[in-house]
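Chemist: Mind having a look at this structure? Questions to follow.
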């Protein structure tokens, strides 16, 4: 095959390859993020019981650490996805695609910083000599406060993620190389994330009523997008036409 032919082949497959890489990264997030929330924090954190929560963390330190590392893996994938989605969707609108990438990066930054409060209980509960002035009950209380701060940091981060999903939905709907139905689905996912986070920050009692049901449409939308990217990718010919290549 000539050099020209190889370059042409590479140009044709590149968008589809990026799409499938994005889908695989989404798959990692789909595994890592629920693991930290559903299989670690849901198991170890006892609502309004600082002593029981502290006991659970001390008895399962490796699992607790693994939950935090799983979160960080998901956030690293978010950073890569922000770049890949920008590259994939800029034919639909370069400026909106760039804005969507910034919002996903903001999400990754906020939740990554919030993860500091997730690991803080391990310092409080291991009996550091710098904490000798605190009683066991006070350290247990600080542990529960840190976990709640971590949750609030997550909610703030998901505000940015919700806006990202709305913009992503707009870009997919405008594109000619992905199924248009995925656009409204992702926009709905963004609205669900926004509603969940705003309820948590402004009306916790309402959040208790709508959670986790409010996030079910978001899960369906993201799973649909992930599967399409992995199995099909994008229509390369239409991508190139919209890109103007």
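Chemist: Exactly one of (1) farther than 25 Å from residue 68 by Cα; (2) free of Cβ contacts under 8 Å to residues at least 12 places away in the same chain; (3) buried (at least 18 other Cβ atoms within 10 Å of the Cβ) is unmet by residue 133. Its number?
Modeler: Answer for residue 133: the failing condition is (3).
Chemist: When the residues of the stretch 48-60 are filtered to those that are out of contact with any helix residue (DSSP H, G or I) (no Cβ under 7 Å at 6 or more places or on another chain) and surrounded by 15 or more Cβ atoms within 10 Å (Cβ to Cβ), which remaining residue is nearest to residue 148 (Cα to Cα)?
Modeler: Applying the filter and picking the extreme gives 52.
Chemist: Could you please find all residues in the stretch 83-129 being assigned to a loop (DSSP other than H, G, I, E, B) and crowded, with 16+ Cβ neighbours inside 10 Å?
Modeler: Answer for the stretch 83-129, where residues must be assigned to a loop (DSSP other than H, G, I, E, B) and crowded, with 16+ Cβ neighbours inside 10 Å: 90, 91, 92, 93.
Chemist: If a residue has to be loosely packed, with under 15 Cβ neighbours inside 10 Å and more than 21 Å from residue 200 (Cβ to Cβ) to count, how many in the stretch 136-165 make the cut?
Modeler: Here the count works out to 3.
Rule-based calculations on the coordinates, nothing more; no lab input. Nothing here was measured: the structure is a model prediction, and the numbers come from that model. When we count neighbours, we look across all protein chains shown, and the Cβ atoms used for this are built from the backbone with ideal geometry, even at glycine.
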